[in-house]
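What follows is a set of notes on a single structure, which appears directly below.
Please treat every number below as a calculation from the coordinates, not as lab data. Nothing here was measured: the structure is a model prediction, and the numbers come from that model. Glycine gets a Cβ as well: all are built from the backbone with ideal geometry, and neighbour counts include every protein chain shown.
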Amino acid sequence: MSSASAAIPQPGRTRAFLRLVMIEHSVFALPFAYIAALTAMFQLDRNIHWGRLLLVTIAMVGLRTFAMAANRIIDREIDARNPRTAQRELVTGAMTVRHAWTGALVALVFFLGAAALLNPLCLALAPIAVIPMVVYPYGKRFTNFPQAILGLAQAMGPIGGWLAITGEWSWDAVILGLAVGIWIGGFDLIYACQDVETDRETGVMSVPARFGIPAAIWSARGCHTATTALFVWYALTTDAGAFFWLGLLIVAAAFLYEHSIVKPHDLSRVNRAFFSVNGFIGIALFACALLDLLVRGLTV
């Protein structure tokens, strides 16, 4: 370890690992797994099955934690060459690769264990869900569209949430999954605009690096328009009520705000758009969806 790295305060291993995987960012995808799971419960018997909901939570957080840890491990050399990411734990030495892999494998065990406890279909499909989580960090090495892989990975959350309750395939869940995947892929396009110059210098592939920031911003706007349309489709197919539609209006307004503060010539508020607005979108739609289901008869 270099003297510069040694000078950086070394947090406890668990704390460093949680910082490494940015555990708080589970807020982006977890609410949509809950929406799918609760809607499935409403259609099944109108009762909340708390045990299954806990297992959905463990599975989602476990898989996301594994994916983030694997991403950081695989990308550690790229992160070291980027000033924006040079302070990440695997670069500074606050976390070793060995300990990161240990945390990742523990998270994977939790994911697989939760899937096994849910139903046979969840367990059978669990290994398939892991594949895009590992492929995504390599994506920026062989395609200009790594966000498409990220979107595929994130789309599995709502689908898995529905399968966890019913044990059966649902196209309604696929619609919600596509909405979430395209949404997250879209805001990752915006986030990647920060690294255009560094990515071009280091050979990292992305839409902004290949096609430019304006193209990436407009692509993100297209993604979020498609997301809104898919949310509307999901509301129609599941016979959603007034509160869910209110949630969609809030989401649409949030998208408009997000794209009003991020422009090709002004990326100064990317972090506000990425962290604050997108976190708000997930929480707001979940709150409205839950209220809608409760009003329509979902029993706590």
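Apply the Karplus parameterisation 6.51 cos²θ - 1.76 cosθ + 1.60, with θ equal to phi minus 60°, to every residue of the stretch 242-254 and state each ³J(HN,Hα) to the nearest whole Hz, in sequence, with x for glycine and proline.
Working through the residues one at a time gives 4, 5, 5, 5, 4, x, 5, 5, 5, 4, 4, 5, 5 Hz.
Take the chain, connect every pair of alpha-carbon atoms lying under 10 Å apart with a spring to form a Gaussian network, then pick out the residue of Tyr257, Tyr138, Tyr191 with the largest mean-square fluctuation.
Tyr257
Can you give the calculated 222 nm mean residue ellipticity of the chain, where each DSSP H run of n ≥ 4 adds -39,500 (n - 2.57) and the sum is split over every residue, rounded to the nearest 500 deg cm²/dmol?
Numbers: 15 runs with 222 residues, N = 300.
Helix-only estimate at 222 nm: -24000 deg cm²/dmol.
Place +1 on the Cβ of every Lys and Arg and -1 on the Cβ of every Asp and Glu in the chain, take the dipole about the Cα centre, and give the residue among Leu291, His259, Thr96 whose Cα lies farthest towards its positive end.
The listed residue farthest towards the positive side: Thr96.
What angle do you read, to the nearest 10 degrees and between 0 and 90, between the alpha-carbon axis of helix 97-118 and the longest principal axis of the chain?
Relative to the chain, helix 97-118 is tipped by roughly 10 degrees.
Let me know the shape class of the stretch 14-295, please: from the alpha-carbon gyration tensor, a ≥ b ≥ c as square roots of the eigenvalues, rounded when a/c is under 1.5, otherwise prolate if a/b is greater than b/c, or oblate.
Details: a/c = 2.02, a/b = 1.24, b/c = 1.63.
It comes out oblate by the Cα gyration axes.
Counting pairwise Cα distances across the stretch 79-197, what percent come out greater than 25 angstrom?
On the way: 2571 of 7021 pairs.
So the pairs more than 25 Å apart make up 37 percent of the total in the stretch 79-197.
Starting from the Cα of Arg200, move 7 Å in the Cα-to-Cβ direction to define the label point; list residues of the stretch 143-169 whose amide nitrogen is under 18 Å from there.
144-145
How large is the Kirkwood hydrodynamic radius of the stretch 152-279, in angstrom, based on all distinct alpha carbon pairs? If you can, show how the numbers build up before the last one.
Values: mean 1/r = 0.0639 Å⁻¹.
Roughly 15.7 Å, rounded to one decimal.
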